[in-house]
1. Could you list, in sequence order, the residues of the range 186-228 that are under 26 Å from THR393 (Cα atoms) and among the charged types (D, E, K, R)?
2. Confirm whether ASN163 is out of contact with any helix residue (DSSP H, G or I) (no Cβ under 8 Å at 6 or more places or on another chain), more than 27 Å from THR285 (Cβ to Cβ) and modelled with pLDDT of 95 or more.
3. Counting only residues that are of a type in the set (S, T, N, Q) and assigned to a strand (DSSP E or B), which one in the range 219-250 is modelled with the lowest pLDDT?
4. From the list PHE79, PHE13, exactly one residue is under 19 Å from ILE180 (Cβ atoms) and modelled with pLDDT of 60 or more. Which is it?
5. Restricting attention to the range 375-405, which residues are within 16 Å of VAL248 (Cα to Cα) and part of a strand (DSSP E or B)?
6. Give me the pairs: first residue in the range 323-334 and farther than 17 Å from LEU353 by Cβ, second residue at pLDDT 85 or above and among the acidic types (Asp, Glu), beta-carbon distance under 7 Å, and six or more apart or on different chains, which are they?
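The values are calculated or read from the model by the stated rules, or taken from the named source; none is laboratory data. Just so it is clear, the model here is predicted, and its values are computed rather than measured. Note that each Cβ is placed from the backbone with ideal geometry, even for glycine, and that neighbours are counted across all protein chains shown.
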Amino acid sequence: METRQLQADQLRFAVIGSVDDGKSTLIGRLFYDTHSLVQDQIESLRTEKNSSELNLAHLTDGLKDEREQGITIDVAYRFFSTEKRKFIVVDCPGHIEYTRNMVTGVSHCNAAVILIDATRGIRTQTKRHAFITSLMGVKHLVVCVNKIDLVSDKEKVFEDIKNNFTTFMSQLSIPDVTFIPMSALNGDNVVEKSERISWYKGTSLLQHLENLFLVTDDNHKDCRFPVQRVIRANGASKEPFRGYAGSVESGVFKKGDEVLLLPSQFKTHISEIFQYQNTVEEAFTPMSVVMTLEGDFELSRGDMIVKQNNPPQIAKELDLMVCWLNQKAFNQETRFILKHTTKETQAYVEEVLYKLNIETLKKEEEVRSVEMNDIVRLKVQCAEPLFVDKYKTNKNTGALIFIDSKTNETVGAGFVL
């Protein structure tokens, strides 16, 4: 239980939003105001030699192309800590061409911070990022209305954006949404509460992130252990060893637990659980372990160890929401490889049910084409059964990726409905 508590003391959050809404400046401000930069880094941010003015955005825009274009292209991971919590900051690109990078960045985050430029309001890419965040099962969203110092009627602008975005968010499924007015450039409401925004009665961004309650976010109920590798060893004086290596995707497994083996449906018990070379009494997400079982069973990569009381769905036909990530338009004749946990199988799209209009979240049932960044609902037929859960209940076993079987490119991210 203590180790599980340590997981809650670390927060991984994504910073998302449209181009030029201030994501890089916000991250730079977080690091600078929490004294997480060394002197050499601070010197590299100065606009001129010996100047007190800093270009905080350059902290994250490290690639030459990014600095020249003034946009973030790749996903960047950065680390800092306070007395209350350790943080992993996932800096996601805002440009529409790099939405696939944003999907990757958000996929394993506890929370997301989305920026809205107070001078420009809510844009289509803002809505797209919010929808994808919801689709990825993120439970905590902080909406930062940035550049509040550049508008005259600050409180009215903030309340209008808050009301409009709340209406949009009511159609999504993020349980915890918080709004904060701020100026990342000036540091207002980023690390410390700003007296310049006295009408706002909430906390600063960092104070809010430090106090997010995460213990209940991980799924400790649905026990899922996909086999990644079978480990065999023979010793002169020992019985032959057969262990099953992988990562616990969800749930808690303990030594002696009765388990169900998929796809064979055989039942047995866990003999030992090893982490590195030590035995442990229990394993839980995201631990990587080796399990041994009572009895002689033949499992292979892609098989799954679960608990009998709440097994996953075993399905060849899947109902999926898919974010299309490839520059080449979707072609229903294409044969795909579906990668789900450690298993891969051939698959094809049986039917395109509808496409989602990001502006209105309405369904467009007459789908003429599916282009990059479109979000569609598909009925997919697999060659072999997969062991899946609904994404809203188990994001690790409810997600999969589409790979073009001819080019080997990742072309889509799918979520089990």
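1. First, the residues of the range 186-228 that are under 26 Å from THR393 (Cα atoms): 208-228.
Scanning the range 186-228 gives GLU210, ASP217, ASP218, LYS221, ASP222, ARG224.
2. Taking the combined requirement at face value, the residue satisfies it.
3. The first filter runs over the range 219-250 and keeps only residues of a type in the set (S, T, N, Q), leaving 219, 228, 234, 237, 247, 250.
From what's left, assigned to a strand (DSSP E or B): 247, 250.
On the way: SER247: 95, SER250: 92.
Checked the range 219-250; the qualifying residue modelled with the lowest pLDDT is SER250.
4. PHE13
5. Within the range 375-405, PHE387, VAL388, ALA399 meet the criteria.
6. Matching pairs, first to second residue: ASN326/GLU409; ALA329/GLU371; THR334/ASP404.
Yes/no matrix, rows are residues, columns are (1) assigned by TED's automatic domain parsing to the domain that holds ASP389; (2) more than 20 Å from the chain's Cα centre (by Cα); (3) crowded, with 21+ Cβ neighbours inside 10 Å; (4) assigned to a helix (DSSP H, G or I):
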| site | (1), (2), (3), (4) |
| --- | --- |
| HIS129 | no, no, yes, yes |
| ILE132 | no, no, yes, yes |
| LEU141 | no, no, yes, no |
| ASP149 | no, yes, no, yes |
| SER152 | no, yes, no, no |
| ASP160 | no, yes, no, yes |
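To keep it simple, each residue is scored yes or no on (1) over 25 Å from the mean Cα position of the chain (by Cα); (2) closer than 30 Å to VAL349 by Cβ.
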| site | (1), (2) |
| --- | --- |
| VAL280 | yes, no |
| SER288 | no, no |
| ASP296 | yes, no |
| LEU325 | no, yes |
| PHE330 | no, yes |
